[in-house]
1. Restricting segment 1-14 to residues that are surrounded by 10 or more Cβ atoms within 10 Å (Cβ to Cβ) and hydrophobic (A, V, I, L, M, F, W, C), which is modelled with the lowest pLDDT?
2. Could you identify the single residue in VAL81, VAL52, VAL39 that is at pLDDT 95 or above, under 30 Å from ARG137 (Cβ atoms) and in the same structural domain as ASP126 (by TED's automatic domain parsing)?
3. State the number of residues belonging to segment 15-43 that are more than 15 Å from TRP56 (Cα to Cα) and either exposed (fewer than 13 other Cβ atoms within 10 Å of the Cβ) or not aliphatic (A, V, I, L, M) (or both).
4. So, in segment 55-93, of the ones that are of a type in the set (Gly, Ala, Ser) and in a loop (DSSP other than H, G, I, E, B), which residue ends up surrounded by the most Cβ atoms within 10 Å (Cβ to Cβ)?
5. Scanning for something of a type in the set (A, V, I, L, M, F, W, C), closer than 18 Å to PHE123 by Cα and either out of contact with any Asp or Glu (no Cβ under 8 Å at 6 or more places or on another chain) or outside the structural domain of PHE107 (by TED's automatic domain parsing) (or both), does segment 17-28 turn up at least one residue?
Amino acid sequence: MAVTVKKAILWRTEVQDRPGALAQVLEPLAFAKADLEVVMGYRLPGDPARAVFEVWPVGGKKLSEAAEGAGLSPSHVPAVVVNGDNRAGLGHRIARALADEGVNLTFLVAQVLGRRYSAVFGFASDADATRAVGLVRKAASKR
């Protein structure tokens, strides 16, 4: 099974939760020709007036400046992005591999589109994210 697993720095901003907030954040990135693979948005627990947006990848001077202009900055939460061919039980194999090694998740966003699997895993520490890369690769390669 073809799979890519890589550590990622999500770029994050907190904004007032209102119509058009996402469009406003994405606009400078679109003008800079960003090709985003991950865009997440959610309300802050306990504060329904605030929302968070996170995007990835942001690299290079032009995109970094565009992201900063949109109010984004690198997140402090270490993350791993996984893309590959989907198979029944893949999510469980990855979750089991992380659990068996005592690696705790702070968040997970995963989806399957057609035959492709995509996920973003967040971790409490950079060490856990680094460990997760190998564990996820191994779990994804099992039949």
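The values are calculated or read from the model by the stated rules, or taken from the named source; none is laboratory data. Since the structure is predicted, the reported quantities are computational estimates derived from the model, not experimental observations. Don't worry about glycine lacking a Cβ; one is built from the backbone with ideal geometry, like all the others, and counts go over all protein chains shown.
1. The residue in question is MET1.
2. VAL81
3. Total meeting the criteria: 10.
4. The extreme case among them is ALA70.
5. Scanning segment 17-28, I find no residue that is of a type in the set (A, V, I, L, M, F, W, C), closer than 18 Å to PHE123 by Cα and either out of contact with any Asp or Glu (no Cβ under 8 Å at 6 or more places or on another chain) or outside the structural domain of PHE107 (by TED's automatic domain parsing) (or both), so the answer is no.
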